[in-house]
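To keep things clear, I will list the structure first and then write my remarks on it.
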Amino acid sequence: MKRKMKVGVLALQGDFEAHARVLDRLGVEWAYIRRAEELRGVDALILPGGESTTSLKFLEGDGFREAIRRLPAQGKPLFGTCAGAILLAQEVAGLPQPGLGLVDVAIERNAYGRQLDSAVRSGWCALKEGELEMVFIRAPRIRRVGPQVEVLGECEGEPVLVQQGNCLLATFHPELTDDTTIHRHFLELVRMRQTEKV
Amino acid sequence: MKLFQDEQWRVKVGLAEMLKGGVIMDVTNAEQARIAEQAGGCAVMALERVPADIRKEGGVARMASPKIIREIMQTVTIPVMAKVRIGHFAEAQVLEALEVDFIDESEVLTPADEENHVNKKLFRVPFVCGCRNLGEALRRIAEGAAMIRTKGEAGSGDVVEAVRHMRAIVGHMKRLTVLAKEELMQEAKRLGAPLELVEWVAEHGKLPVPNFSAGGIATPADAALVRQLGAEAIFVGSGIFKSSDPERRARAIVHANTHYNDPKAVLEASADLGEAMKGLDVRQLDEKELLQTRGR
């Protein structure tokens with residue numbers, strides 16, 4: 001029996017609505033997640049862009065951070081973009097609180113500079129033939145990639161899209177373009193994990 | 001619309017998207033900026049005096065000193081915004097050279113041009129502008145604003161004007177969606193806004209840029225109120241650092257703003273907060289004391 005998938009979008013602060021719009025376009029059911037107990041009903045979680053320091057505030061207490069940390073092991077994939085990627089990384093310099101530490105990469109926040117250095121660039125992506133458009137906004141940079149981590153996208157010679165098991169991490173914003181390649185890849189991962197569970 | 005395909009425009013509106021669901025706090029020094037960031041503010045607005053003091057002390061209110069803005073930029077990692085006077089494109093050039101992340105062309109400062117606003121398309125730094133109604137909002141977007149906020153009545157601590165302006169904008173957008181296409185030209189004329197923006201709003205029922213609220217928000221319940229009325233994020237000016245316990249109030253407003261649809265969370269945030277800013281009843285103000293009537 002095929003069960004319908006439902007994707008959670010962490011809606012504490014940031015561009016959660018942009019992710020929801022992409023999921024709508026792809027015809028996938030979704031729900032905004034603002035509390036730990038709301039995670040029970042979803043098969044995956046997207047951590048949107050925004051300010052990582054703000055989102056981290058809300059992960060303190062109520063076991064919220066731990067509840068998210070347990071998802072990948074339960075076969076529920078995570079996808080973080082920009083600030084969401086910062087939350088997923090194992091090593092982040094200058095973050096006031098610990099993040100989720102699920103992906104073996106080192107990330108530097110605001111590594112391109114200020115808003116003036118934000119830009120639409122294009123780069124290589126293993127999931128797509130030809131160039132992929134990538135929107136970088138006050139973006140972080142991946143400075144180290146662990147041996148278990150697969151690089152799926154690069155821009156100007158640096159990794160910008162990586163995956164480790166059930167966690168997908170992008171330093172740019174696929175949700176701000178019309179290209180749904182990355183979201184479709186993530187949903188495919190969610191679907192695979194669902195079939196394994198049945 | 002052609003404007004929306006422009007890369008510069010997409011990157012500007014992109015940063016505005018990242019601030020959604022957040023609280024942007026007025027700060028006048030690096031120490032306040034640190035408190036705002038630690039409380040969970042998603043950005044800070046650097047200025048020399050908060051609106052309540054500008055109102056009280058009078059005089060010409062100008063762009064903050066670059067020295068203070070730079071200190072704030074060096075202290076926090078969240079985006080730093082700063083205000084310029086309406087129409088003062090040279091102040092905006094200075095802020096762009098300083099590399100602030102967002103510029104607020106603001107009625108809170110004394111206007112430099114009583115006819116014209118800054119041509120915001122000439123800048124690479126995104127702009128936010130205040131408005132009281134849909135016509136103003138669309139004129140500012142046509143000039144290149146990447147974010148719109150209600151004007152409210154800054155420095156009053158009275159939320160009534162922010163509510164009036166948000167209802168005016170949201171209500172007008174709803175009405176546009178039911179008009180026939182041939183009625184939109186007259187509507188554009190009445191609004192004093194470009195037809196293609198009016199058509200876009202009629203089709204989508206919302207603004208093409210994020211729509212935030214400002215001007216009089218002082219309590220967690222105020223935050224929940226304007227968010228439920230349609231604001232996608234909030235600016236809090238004097239409300240935090242003019243209260244008796246800024247740190248606690250900042251955290252409480254951030255909490256209520258994220259859980260704006262959950263009365264229990266707003267209740268939790270409202271308990272034991274100390275004194276809110278005293279505030280001014282907007283109805284007791286003279287017409288000439290109003291900040292919201294600046295700019296057109």
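The values are calculated or read from the model by the stated rules, or taken from the named source; none is laboratory data. None of these values were measured; they are calculated from a predicted model. Positions of Cβ are generated from backbone atoms using ideal geometry, with glycine treated the same way; all protein chains shown enter the neighbour counts.
For A:Gly123, indicate whether it is on the phi > 0 side of the Ramachandran plot, of a type outside the set (Val, Ile, Thr) and either out of contact with any Pro (no Cβ under 6 Å at 6 or more places or on another chain) or at pLDDT 95 or above (or both).
Numbers: on the phi > 0 side of the Ramachandran plot: no; of a type outside the set (Val, Ile, Thr): yes; either out of contact with any Pro (no Cβ under 6 Å at 6 or more places or on another chain) or at pLDDT 95 or above (or both): yes.
So A:Gly123 fails the test.
Could you look through region A:53-72, keep only residues that are of a type outside the set (A, V, I, L, M, F, W, C) and closer than 12 Å to A:Ala83 by Cβ, and pick out the one that is farthest from the other protein chains (Cβ to nearest Cβ)?
The extreme case among them is A:Ser55.
Pairs needed: first member in region B:67-87, facing chain A (nearest Cβ under 10 Å); second member anywhere, part of a helix (DSSP H, G or I) and of a type in the set (A, V, I, L, M); C-beta distance under 6 Å; at least 6 residues apart or different chains.
Here the result reads B:Val76/B:Ala33; B:Val80/B:Ile72; B:Val80/B:Met73, each pair linking region B:67-87 to a residue that is part of a helix (DSSP H, G or I) and of a type in the set (A, V, I, L, M).
From the set of residues in region A:150-186 that are within 20 Å of A:Leu71 (Cα to Cα) and in a loop (DSSP other than H, G, I, E, B), which is nearest to the other protein chains (Cβ to nearest Cβ)?
If we take residues in region A:150-186 being within 20 Å of A:Leu71 (Cα to Cα) and in a loop (DSSP other than H, G, I, E, B), then A:Asn166 is nearest to the other protein chains (Cβ to nearest Cβ).
Just the residues that are in contact with a strand residue (DSSP E or B) (Cβ under 6 Å, 6 or more places away or on another chain), buried (at least 24 other Cβ atoms within 10 Å of the Cβ), part of a loop (DSSP other than H, G, I, E, B) and away from chain A (no Cβ under 14 Å), please, taken from region B:88-129.
B:Glu107, B:Leu109, B:Val118
Could you say which residue among B:Ile103, B:Ile141 is in contact (Cβ under 8 Å) with a residue 60 or more places away in the chain and among the β-branched types (Val, Ile, Thr)?
B:Ile141
Restricting the search to region B:249-269, which residues are away from chain A (no Cβ under 14 Å) and either surrounded by 18 or more Cβ atoms within 10 Å (Cβ to Cβ) or within 17 Å of A:Thr54 (Cβ to Cβ) (or both)?
Selection gives B:Arg249 alone.
Return the total of residues in region B:13-28 being more than 8 Å from every other protein chain (Cβ to nearest Cβ) and either at positive phi or crowded, with 24+ Cβ neighbours inside 10 Å (or both).
6
Got a sec? Which of A:Gly101, A:Gly50 is under 24 Å from B:Val11 (Cβ atoms) and assigned to a loop (DSSP other than H, G, I, E, B)? Walk me through it before giving the result.
Values: A:Gly101 fails: under 24 Å from B:Val11 (Cβ atoms).
Going through A:Gly101, A:Gly50 in turn, just one is under 24 Å from B:Val11 (Cβ atoms) and assigned to a loop (DSSP other than H, G, I, E, B): A:Gly50.
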